[in-house]
Each structure stands twice: as C-alpha cells, then as structure tokens.
Amino acid sequence: MTIPEIKLIPKPESEEGRQALGYKWNNIAGTRHKLGGKPDGLPVQEYPLCDSCKSTMTFYAQIDSIGDDYDLADCMLIHSFVCFDCYEVKSQLTQSLV
C-alpha cells in the first residue's frame, strides 16, 4: 500500500522555534518533511518487516532534520513505517541527498 504524499511545512509558533529552522550551508535539509508517498533515499527493498506478521511495512512519514542546532547526524531523515494489519510501528534514520 502507498499512502498519497502530503507535504508538511513547519510553522513555528515562537521566535525560538523560528530561529531553530534551517541551515546556513544547505537549502534542502529541513524541507523534506512529509506524510505518505515514498521515502527519500530508501528503496522498497530496505523497508522494515513487521515483527509479528513478517510483511513489508507501509511507509507512513518522513521527518527531516530541523536545522543547524538540531541536526540528525549530518542531515539524516527519520522514516516511520506502520503495519496496517498488526499496528506495529518502526522508525529508522536514513541518509539521503534528495
């Protein structure tokens, strides 16, 4: 199953939040947040398997690094997956240049 892609745009509600966004040296990192679609930099062969039923899990969300002060190991992405049969969830860090 593929969930339709829905782009997420950060909307900080404080000055501290606004200052945390973005990179001084990179215009792509920090802009790749989304629900559904396909995960950036991760082929379907590398999707995790559900621990209970051993089926390939469905990609659910991608959360990007926030900015220079909250960087995830050189601009990595958090990819979250769900099994819609067992409702198990897994997340992993993935390096992507997309």
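Some points to look at:
- Residues (among the aromatic types (Phe, Trp, Tyr) and under 11 Å from residue 70 (Cα atoms)) located in the range 11-27: 23
- Strands (runs of 3 or more DSSP E) enclosed by the range 17-98 - at least 3 residues per element that are within 20 Å of residue 7 (Cβ to Cβ) and of a type in the set (A, V, I, L, M): 77-82
- Considered as a group, the residues in the range 8-43 that are at pLDDT 95 or above and in contact with a Phe, Trp or Tyr (Cβ under 9 Å, 6 or more places away or on another chain) include one that is surrounded by the most Cβ atoms within 10 Å (Cβ to Cβ), and that residue is 39.
- When residues of the range 51-77 are limited to those that are free of Cβ contacts under 8 Å to residues at least 40 places away in the same chain and farther than 29 Å from residue 24 by Cα, the one surrounded by the most Cβ atoms within 10 Å (Cβ to Cβ): 57
- Residues located in the range 1-16, provided they are part of a loop (DSSP other than H, G, I, E, B) and farther than 15 Å from residue 60 by Cβ: 9, 10, 11, 12, 13, 14
The values are calculated or read from the model by the stated rules, or taken from the named source; none is laboratory data. Since this is a predicted model, take the numbers as computed values, not measurements. Positions of Cβ are backbone-derived with ideal geometry, glycine not excepted, and every protein chain shown enters the neighbour counts.
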